[in-house]
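Notes follow the structure.
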Amino acid sequence: MSVTDPPRLSLKGDFPGLQTVAGDAWHYLDSAATAQKPQAVIDAMTRALGVDYATVHRGVYARSADMTLAYESARRRVAAFVGGKEEELVFTRGATEAINLVAATWGKANINAGDRVLISQLEHHSNIVPWQMLAERKGAKLDICPLTEDGRIDLDAAQAMLTGDHKLVALAHVSNVLGSVLDVQRAARLAHGVGAKLLVDGCQAVPRLPVDVAALGCDFYAFSAHKIYGPTAIGALWARSEILADMPPYQGGGAMIDKVSFERTTYAPPPQRFEAGTPAITEAVAFGAACDYVAEVGLETIHAHETALVAQLRDALVGMNDVTLFGPEDSAGIVSFLIDGIHPHDLGTILDEENVAIRAGHHCAQPLMDHLGVSATARASFGLYSDEADVAALLRGIERTKRIFG
Ligand SMILES: Cc1ncc(COP(=O)(O)O)c(C=O)c1O
C-alpha cells in the first residue's frame, strides 16, 4: 500500500470510548498519549475483576491456579507480540518503570565512574531522567545524539560519537512528538560495535509497527499497555535472557524470592525476580487481550492505515501557508505542528468545543522543544480506529480557530 492509498480500517464500533456522553462522535486524536480500549479488552478486564478473580502464584484453590495460568498466558502472548519469550518478559507499571528498572539494576551493576550513556535529543523524559539520575549517582556521562534536519535520530552522528566508554545506548523506536522511526538494527550494530547495550523505548512503536526484538537485535525493549489499547498501570520490559539472569533485583518483597532468612535471602529466577509483591493481575490479563486484538487486526495493516492518515493530514496542513510541520514525511501515526499566531493550547481548547481531542504542550520532551525552538506544539496522533472523518473534523476545527483569531 502506498501512502496515497486511502485508509482501510473501520473499527470505531469496537471502541465505546469514541463517543461523547451525548452519543456524538468524539474525534480522538491523542492516541500517542493513551489509546482508547476495545470492548474485547474491557470484557477481559471485567471478567478478570469479577467471576475469574483470585490471586496468582500462591493459592492452593482452583480459581487461583486458573488465574495464575491466565496471568502467565498473558505474559507469553505479550512476549510473543514483540517476538520474545515468556521468560524474557517482566511486567512493570509501564514503560517508565521498565526503563527505571534497567537503570536501577543493570545500570547500577554495569555503569561506573567515567562510563558514558548515549541518548538522543528527541527522547521522552522517561528515557532521559533515569539516565541522568544514574549518571549523577555513578559519576558517568550522558551524551546527546543530535537529529537530522527532518527530525530523525542521526545515526551517522551516533557512530562518530560512540567510544569504548559507552556502556549503553538508549533510544526511542518512534518519537512521541515527531513520529520519526529509528533504524533499530543499525543502532544495535553501532552500540554493539563499541561493546555497549542498546535499550529501545518502544512505547510509540509497539502500537504502530510490527516489532520483533530478535530481528531488531536490541538488548532491552520497554513499552506500555495503555498505548496499545490495553489498561493503564501495566507495561513490560523485554530483555535478553542472559542479561536478565545477571541483573540484581529491583524491589524486594514477596514473590521475587527463592528463600528468605534473616541471615541471607536468595532470589527467584527472572522474570519473577523483578516482580515483587502481588502483581497487576487483571491488568496483565487485559494486556494479553489487547495484544490479541491488535495482532488480529495486524500491525502491517495498522501501520499502512495510520501512514495514509498522516499523509492526508500533512498534505492538508502543508497546503495552509501559516502552518509549521515538524518531523519527517514518513512519520508513524503522529503529526506535530504549529499555526502562526495561535498557541497550541488555544487551538486545543477550541477544537475541544468541536469534539476534537488533540494534545498541546511539550509532550514530556522539553529538550526536543528547546531544539525545535518552541515551548509547545499541537500534536494529532492516530490509532487503528482513526479515520478520514477525524482528519476532516480536525481541519474544520483548525479553520474555525483561525477565523476566531482573525
Ligand atoms: C516515547 C515514550 N516513551 C515513554 C513514555 C512513558 O510511558 P508511560 O507513561 O506509559 O510509562 C511515553 C508516554 O507518552 C512515550 O511516548
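The values are calculated or read from the model by the stated rules, or taken from the named source; none is laboratory data. Because the structure is predicted, anything quoted here is derived from the model rather than measured. Ideal geometry is used to build each Cβ from the backbone, glycine not excepted, and the neighbour counts take in all protein chains shown.
Residues in the range 105-127 that are within 15 Å of the ligand (Cβ to nearest atom) and surrounded by fewer than 21 Cβ atoms within 10 Å (Cβ to Cβ): how many?
2
Quick check, is V184 under 29 Å from H362 (Cα atoms), within 11 Å of the ligand (Cβ to nearest atom), of a type in the set (V, I, T) and in contact (Cβ under 8 Å) with a residue 12 or more places away in the chain?
No: the conditions fail for V184.
Considering only the range 42-49, I want to know if a residue exists there that is within 16 Å of the ligand (Cβ to nearest atom) and at pLDDT 95 or above.
Within the range 42-49, the first condition is being within 16 Å of the ligand (Cβ to nearest atom), and the residues that meet it are none.
No - not one qualifying residue is present in the range 42-49.
Is it the case, given these coordinates, that G94 is surrounded by 16 or more Cβ atoms within 10 Å (Cβ to Cβ) and closer than 30 Å to V294 by Cβ?
yes
Could you check K259 against (1) part of a loop (DSSP other than H, G, I, E, B); (2) more than 21 Å from the chain's Cα centre (by Cα) and say which number it fails?
Here K259 clears every test but (1).
Given the criterion among the hydrophobic types (A, V, I, L, M, F, W, C), within 29 Å of S10 (Cα to Cα), away from the ligand (no atom under 16 Å from the Cβ) and not in a helix (DSSP H, G or I), identify the matching residue among L317, L313, L394, L384.
From the options L317, L313, L394, L384, the qualifying one is L384.
Out of the residues in the range 248-287 that are of a type in the set (V, I, T) and touching a Phe, Trp or Tyr at 6+ places or on another chain (Cβ under 8 Å), which is farthest from V206 (Cα to Cα)? Full working, then the answer.
First pass over the range 248-287, keeping only residues of a type in the set (V, I, T): 257, 260, 265-266, 278, 281-282, 285.
Narrowing further to those that are touching a Phe, Trp or Tyr at 6+ places or on another chain (Cβ under 8 Å): 257, 281-282, 285.
On the way: I257: 31, I281: 21, T282: 21, V285: 18 Å.
If we take residues in the range 248-287 being of a type in the set (V, I, T) and touching a Phe, Trp or Tyr at 6+ places or on another chain (Cβ under 8 Å), then I257 is farthest from V206 (Cα to Cα).
V318 versus (1) surrounded by fewer than 20 Cβ atoms within 10 Å (Cβ to Cβ); (2) closer than 21 Å to Q204 by Cβ: which is the lone unmet condition?
Result: V318 passes all but (2).
Under the condition of being more than 11 Å from the ligand (Cβ to nearest atom) and assigned to a strand (DSSP E or B), which residue from the range 205-235 is farthest from the chain's Cα centre (by Cα)?
That would be F220.
One residue is enough: does the range 67-88 have a residue meeting the conditions within 15 Å of the ligand (Cβ to nearest atom), in contact with a Ser or Thr (Cβ under 8 Å, 6 or more places away or on another chain) and within 24 Å of A44 (Cα to Cα)?
Looking for residues that are within 15 Å of the ligand (Cβ to nearest atom), in contact with a Ser or Thr (Cβ under 8 Å, 6 or more places away or on another chain) and within 24 Å of A44 (Cα to Cα), one finds none in the range 67-88, hence no.
With respect to A191, is the statement that it is more than 16 Å from the chain's Cα centre (by Cα), within 16 Å of the ligand (Cβ to nearest atom), part of a helix (DSSP H, G or I) and small (G, A, S) true?
Against the criterion (more than 16 Å from the chain's Cα centre (by Cα), within 16 Å of the ligand (Cβ to nearest atom), part of a helix (DSSP H, G or I) and small (G, A, S)), A191 does not qualify.
Looking for whichever is more than 21 Å from A170 (Cβ to Cβ) and part of a loop (DSSP other than H, G, I, E, B) here; the options are G288, G254. Which one fits?
None of the others qualify; the one that does is G254.
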